[in-house]
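Below is one structure, written out as structure tokens, with a few remarks after it.
The values are calculated or read from the model by the stated rules, or taken from the named source; none is laboratory data. Just so it is clear, the model here is predicted, and its values are computed rather than measured. Here the Cβ positions follow ideal geometry from the backbone for every residue, glycine too, while neighbour counts run over all protein chains shown. Surface areas here come from the heavy atoms of the whole protein model, side chains and all, with no ligands, DNA or RNA. Shrake-Rupley method; radii C 1.70, N 1.55, O 1.52, S 1.80 Å.
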Amino acid sequence: MKLKIGIYWGAACGGCDVAILDTHEKLLEIADMADIYLWPIAMDFKYSDVRAMKDGYLDAVLFSGGVRNSENEEIAKLLRRKAKAMIALGACAQLGGVPGLANMYTREEVLRRVYLESESTTNEKGIMPLESSKEDGFDLELPRLYNTVKTLNQVVDVDYTIPGCPPASLQIYSALGLIADDMLPKKGSVIGAGDRALCDECARKKGEKTITRIYRTHEKLPDAETCFLEQGFICLGPATRSGCGSRCIKSWTPCRGCYGPLDDVSDQGIKMVSALASVMEPKEEKDINALLDTVVDPLRTFHRFSLASSILRRKKA
Amino acid sequence: MKRIAIDPISRLEGHGKITIFLNEEGAVENAYLQIPELRGFEKFVEGLPVEEIPRVVTRICGV
Amino acid sequence: MAFEPRIVGFLCNWCTYTGADLAGTARVKYSPNIRSIRVMCSGRVDPMFVIKALYEGADGVLIGGCHPGDCHYQEGNYKALRRYLMLKRILPEYGIDAGRVRLEWVSASEGERFGHVVDEFTEEIRKLGPLKIKESLVESMKTDVAHHGEEHQAPTGEAR
């Protein structure tokens, strides 16, 4: 029987949806495999169509994007009820992703910057988005922007996760194949990715690491063959799951961790602290501090995609 | 007054909803397009190392 | 009730834990605020343990290792020092005072000093006051409410 699936985005950029489209001619196979009942970027189904479905009607929902506002949460809960399997698609749904960096700030700080202070904003009357407002006598509603960005599994029960920013297209395709063939692994598994660290699949040469200083990418040209970390560039490979096909590494760019942590690691960024500290050379406090001075913006580098899923989740008030 | 909601608007990148208000005769009295989504890139790119910015702002829109 | 700091100690088996043992047998009096956990080496203390301890309700974390050059595994304490110094730079970004985590070298013969370190750290944490990360996280999400349509469940504040 043909699968019934829904594809939705919360606080996302649409990159995950494009990754589905990037399966190219395999998209036709996906269309053979499954009927799609919701996909805002590509099809015209509305929320009312989803509300009209029986609970558990959909075999699977691919949910990309984090939970940033009340609409994201409501639709996530609605889709959870309608879906037999809820699948977090991509780094934002799994970890909060780049938009999760907003957890460094409060809701008010974000709103003020965006609507009042930003250089490109003209807002003389200081109008701010309101959850309900009256415009010329007409009642209008907007979702509530949340103070804390949440991952999908902080809001609803998630059955499977396909990591990546964006997930590799073929991995999405093979994950859909698992659903169609009823070959899904145990609940909670990460599908469509490896189970070892990125370093394991990275083709660069690795030797003994003794880092004496960190270079920013404009300070030195990396060589073509050696491990980035060994050359002094921060690379999140040791703390990141494999499966992306080393896309960034192959483009001479160190990893920033979009495939998320390995199994049993609850905090990718802090794991990276541990990994980086163990390959640094200095032993004296003074020398260590001098080296650490060359690590710019550690929190947002180590938690580039995972701040909302880190143990502490946000900056404390 | 009748109210028609097109929620979400589809086949484009981004979130949006359209609310149309109809008067007693069924003619359009007013219509609003609202963008319910905000992520706050304007805030959290502040102070980021400049060489990291291209890898962050590409996540504004992935289409 | 007056605030009593809750301190988690990760103490290395070969030096600091043995030092703490000595403090006990020598009847050294020190603050009862520390809950000691024995690890084989300070280099085994993953920064994640520290973060997790703070999240779960510790007001401060003390890591105890062998003096430089004395590590039973040659290099473990240097690793601990580097992790500790890096963690101290990250904690303030999370809005947590870096003084809540401390690394001390205490050898097996320094029972007296162990007591002294615990006393001093306890007083420092007492000054900083309670941390209450979980509570502040729940508080920060109090207004994150989906109010129309779907039924709402209060966020629990639990980590994954």
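At-a-glance table
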item	result
Total accessible surface hidden between A and B, rounded to 100 Å², 1.4 Å probe	4200
Percent carbon-and-sulfur accessible area, chain A, ignoring ligands, DNA and RNA, probe 1.4 Å	51
Set A:Lys187/B:Lys17; A:Lys186/C:Lys88; A:Lys134/C:Lys142; A:Lys271/A:Lys315; A:Lys46/A:Lys316 screened for pairs whose C-alpha atoms are more than 30 Å apart	A:Lys187/B:Lys17; A:Lys186/C:Lys88; A:Lys46/A:Lys316
Sparsely packed GluC sites (Glu not before Pro) within region B:29-63, loop by DSSP, other Cβ within 10 Å at most 14	B:Glu46
As computed over region C:6-120, the Cα convex hull volume per residue (Å³)	82
Folded to 0 to 90 degrees: helix C:76-90 orientation relative to chain C principal axis, Cα	30
Given charges at Cβ of Lys, Arg, Asp, Glu: region A:198-309 dipole, positive-most of A:Thr217, A:Ala239, A:Ile270	A:Thr217
Cα-based equivalent ellipsoid of region A:270-317: semi-axis lengths in Å, sorted from largest, via gyration tensor	24, 12, 9
Relative packing of peptides A:304-310, B:10-16 - highest average C-beta neighbours within 10 Å first	A:304-310, B:10-16
Cα gyration tensor of region A:232-296 - equivalent ellipsoid semi-axes, whole Å, descending	24, 15, 8
Heavy-atom accessible area, 1.4 Å probe, ligands and nucleic acids excluded: residues of region B:16-40 down by at least 50 Å² from chain alone	B:Tyr32, B:Gln34, B:Pro36, B:Glu37, B:Leu38, B:Arg39
Å² of accessible area per residue within chain A, as computed with a 1.4 Å probe and no ligands counted	40
Check: the protein assembly as shown dipole with +1 on Lys, Arg Cβ and -1 on Asp, Glu Cβ, in debye	1020
Chymotrypsin sites (Phe, Trp or Tyr not before Pro) within region C:1-90, DSSP loop, no more than 13 other Cβ atoms inside 10 Å	C:Phe3
Those residues of region A:37-76 for which accessible area with every protein chain present is at least 40 Å² below the isolated value (1.4 Å probe)	A:Pro40, A:Ile41, A:Asp44, A:Lys46, A:Tyr47, A:Glu71, A:Glu74
Heavy-atom surface of region B:2-60, accessible at 1.4 Å and reported per residue (Å²)	51
Angle between chain A longest axis and helix A:70-82 axis [Cα atoms, degrees, rounded to 10]	70
Cα convex hull of the protein assembly as shown - mean projected area over all directions, nm²	29.3
Linear extension gain, A:His24 paired with A:Lys2, 0.36 nm per residue minus alpha-carbon span	5.9 nm
Å² per residue, accessible surface of chain C at 1.4 Å	47
Degrees separating the helix C:111-128 axis from the principal Cα axis of chain C, which is the longest one	20
Compactness of region A:198-309 as Cα Rg over 2.2 N^0.38 Å, two decimals	1.01
Chain A - charge dipole about Cα centre, Lys and Arg +1 at Cβ, Asp and Glu -1, debye rounded to 20	560
Chain-alone versus full-assembly comparison, region C:17-58, residues with accessible loss of at least 20 Å² (1.4 Å probe)	C:Asp46, C:Pro47, C:Met48, C:Ile51, C:Lys52, C:Tyr55
Anchor C:Lys79: aspartates and glutamates whose Cα lies under 18 Å away (excluding residues fewer than 8 positions away in-chain)	A:Glu208, A:Glu230, A:Glu281, A:Glu284, A:Glu285, A:Asp287, A:Asp293, C:Asp46, C:Asp70, C:Glu104
Chains C and A, summed buried accessible surface - 1.4 Å probe, Å², nearest 100	4600
Dipole magnitude of region B:2-60, debye to nearest 20 (Cβ charges: Lys/Arg +1, Asp/Glu -1, about Cα centre)	180
Rounded Å value of the spacing that divides the Cα centres of chain B and region A:84-123	13
Low-density loop cleavage sites - GluC sites (Glu not before Pro) in region A:213-292, where at most 13 other Cβ are within 10 Å (DSSP)	A:Glu219, A:Glu225, A:Glu284
Portion, in percent, of the accessible area of region B:2-60 that falls on carbon or sulfur, probe 1.4 Å	58
